[in-house]
Amino acid sequence: MEFPFDLAPVLGDRFCVVDQHLRPAGRRGPTHRGDLEQQLRTVIDELGKASAKAQGLPAPVTSATRMEANRHVLYILRDAEGRGTPKGAVIGFLKVGYKKLFLLDRNGAHNEAEPLCVLDFYIHESLQRHGYGRELFQHMLQSERVEPWRLAVDRPSEKLLAFLHKHYGLADAIPQVNNFVIFEGFFSNRPAPPRRPPPKRPEEEIKPYSLSERDFLREETEPPWPFNLTSGRVGGSPVRGSLRPFLLRRETPDGQTDPRPPDGRTDAPQHRRARWAALFYFFFFPQ
Ligand SMILES: CC(=O)SCCNC(=O)CCNC(=O)[C@H](O)C(C)(C)COP(=O)(O)OP(=O)(O)OC[C@H]1O[C@@H](n2cnc3c(N)ncnc32)[C@H](O)[C@@H]1OP(=O)(O)O
């Protein structure tokens, strides 16, 4: 949608956000320039008219005057590359605002709510179905920090219903008695989208396979004396005992079992059991 003036100074950024003060956040230069303000009013009025025409409405629901009278937010998408015209063009707009509404839930119960509402949405006819609507909608969702299923939509057109279904999976409308449409999930505590994974931790030193690590595991599985006497033999249950020869004992050349650990340490199981026994007596029979 083209205008007879350069749109860059009027709208500022490619995504231009306008509230009731009609002063785009990204606009550079002097804040009060009468010609720019007038041009912005023209842009808003013309966009409102084009949207009304596209929807077959008798009068625009968006105009500069209506913007000033309400606390709505207008997201305007500008063709920043100025393709075809050096003055640039407007691709479309999306208007949202909070409204107090009585809304029915799935059980037909009335709920008072103040959701963010989609009030007017338009992409120029020549650019529809090119993904601009989604780009604009997505920008709004991020700026307003709202999930799509928390929105109420004011009398959506067939095109908008198809759009919401396609891009956000919103299809299951909860019937209302007013003109607003809400979707399944509006009242639910649906979880927020998954968080970004935490930053990767710096590489840790890779620990070599070592007996000391294995000792720690073994001591955890074996209770101290006298609680390890239940299996009928000193040293623990048959299950734990079945692993023991491979873990702790070695065959000596004369066929006897060497109770020392394979690394030559003298911290054999019976020594540890003796220490546990001493501790047990110290605590339970201090005299
Ligand atoms: C609360 C309200 O504002 S209600 C009024 C909504 N506005 C209108 O109906 C005005 C006319 N329509 C438009 O301005 C636009 O089509 C919008 C704003 C609804 C969508 O913007 P677009 O840039 O076309 O959307 P985008 O390209 O990101 O997504 C395309 C999808 O939107 C839906 N869609 C867009 N145009 C149409 C269409 N003519 N017929 C059916 N579905 C359509 C479809 O799901 C389409 O996907 P598809 O092409 O695979 O079928």
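Miscellaneous remarks
- Protection proxy ranking of 36-43, 139-146, by the mean of other Cβ atoms within 10 Å over each peptide's residues and highest first, is 36-43, 139-146.
- Taking amide H as placed 1.01 Å from N in the peptide plane, residue 116 has its amide H under 5 Å from the amide H of 152, each at least 5 places away in sequence or on another chain.
- Point-to-point label distance, residue 157-residue 129, nm (Cα→Cβ direction, 7 Å offset): 1.4
- Gyration tensor (alpha-carbon) shape descriptor, the stretch 124-183, a/c threshold 1.5: oblate
- Protection proxy ranking for 100-107, 17-24, using the average of other Cβ atoms within 10 Å per residue and placing the highest first: 17-24, 100-107.
- Each 5 Å bin from zero holds the following percent of Cα-Cα pairs in the stretch 7-183: 1, 8, 17, 20, 20, 15, 9, 5, 2, 1, 0, 0.
- Using a Förster distance of 25 Å, the FRET efficiency for residue 23-residue 139 (Cβ separation, nearest 0.05): 0.85
FYI, it's all coordinate maths here, none of it is from the lab. Note that the coordinates shown come from a computational prediction; the quantities given were computed from them, not determined experimentally. Reconstructed Cβ throughout: ideal geometry from the backbone, glycine too, with neighbour counts over all protein chains shown.
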